[in-house]
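Shown next, in structure tokens, is the structure this report addresses.
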Amino acid sequence: MARIFRLVESRLKDEEEKLLAAILNQGELLIFPTETFYGLGGLAIFPAVHEKIFELKGRQAEKQLPFCASDLDMVLQFIDEPPSLFFSLARAFWPGPLTLVLRAREGVLPGPQKTLAVRVPSPAWLRQLIKRAGSLLISTSANLSGQPPLSSFDDVYRLFADRVEFFIDGGKTTGDLPSTIVDLTGSKAICLREGKIPLAELSPFLSEGKL
């Protein structure tokens, strides 16, 4: 039977945070609210977690999963030789709904992936949970592949209650736009998706040209 943890004043109780961190470190999945929609995730270091999420969502394994980190220092543990623009964007827009695609450090994540898409989320309670868990948290939308993302806890619970054991109920999320995605792996920065952070806010950074 599914177990539901509820945010009170945008916080988890300390004992709940400790328990959820332990649960994540056992390779379990978790559904949780973000500043955009509800997310489905688990710790990125476990190959089985990736496989479970692909199966649950009906998502092709060739499509990489995005991650959330507790802070800049955690991101640096998983990436290789970030460009200077990375630090400028991170300082300006993290924590927040900006996902950066970066070169992955070899051997730190399961599988052969050479890049990773990561952000530091806005909710302080989520950053603290990730920090306590000690690893990047997969954070893909809690929906079926090809379907709209969900902002209602009731909707996401109905969809996954018989397939995911642990949920965090944060009520209704803003549900307006997903994170903006910028690729920093090439010779120039490329905006792959304009989302909650408008391109106009990124333009002063991206117009600098080469990384």
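Read the figures in this text as sums done on the coordinates, not as results from a lab. Source: prediction; values computed, not measured. Counting neighbours? That spans all protein chains shown, and the Cβs are built from the backbone with ideal geometry, glycine included.
Summary table below
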item	result
Label-point separation in nm, Ile4 to Lys188, each point 7 Å along Cα→Cβ	5.0
Trypsin sites (Lys or Arg not before Pro) lying in DSSP loop within the range 95-202, provided at most 15 other Cβ fall within 10 Å	Arg105, Lys114, Arg163, Lys172
Exceeding the 24 Å Cα-Cα cut-off - candidates Lys13/Lys172; Lys18/Lys57; Lys114/Lys188; Lys172/Lys196; Lys63/Lys188; Lys114/Lys196	Lys18/Lys57; Lys114/Lys196
Reported label for calculated Cα extents along the principal axes in Å given (1) 52, 39, 32; (2) 46, 33, 31; (3) 52, 34, 34	(3)
Cα-based reach from Lys131 at 19 Å (exclusive), listing aspartates and glutamates while leaving out same-chain residues under 8 positions away	Asp14, Glu15, Glu16, Glu17, Glu28, Glu35, Asp71, Asp73
Among Ser152, Ser141, Ser88: highest mean-square fluctuation, GNM of the chain, C-alpha pairs under 10 Å	Ser88
Förster radius 25 Å - calculated FRET efficiency between Leu206 and Arg103, Cβ distance, rounded to 0.05	0.85
Loop trypsin sites (Lys or Arg not before Pro), the range 1-55, which have at most 13 other Cβ atoms in a 10 Å radius of their Cβ (DSSP)	Arg11, Lys13
Added length on full extension, which subtracts the Cα-Cα distance from 0.36 nm per residue, Arg163 to Leu76	28.0 nm
Computed lengthening from Leu177 to Lys18, 0.36 nm per intervening residue step minus Cα-Cα distance	54.2 nm
Spin-label model distance (nm) - Asp154 vs Lys196, 7 Å beyond Cα toward Cβ	2.3
Crossing angle, helix 84-93 versus the chain [Cα axis fit, 0-90 degrees, rounded to tens]	50
FRET efficiency estimate (nearest 0.05) - Cβ-Cβ, Gln26 to Thr115, R0 22 angstrom	0.20
Cβ-based exposure ranking for Thr115, Thr36, in which fewest neighbours within 10 Å come first	Thr115, Thr36
Excluding exposed DSSP-loop GluC sites (Glu not before Pro) (at most 11 other C-beta within 10 Å), longest clean stretch of the chain	107-211
Virtual paramagnetic centre 7 Å along Cα→Cβ of Lys63, amide N under 16 Å, in the range 101-127	117
Tensor-based shape of the range 1-102 (alpha-carbon gyration tensor, a/c under 1.5 rounded, otherwise prolate or oblate)	oblate
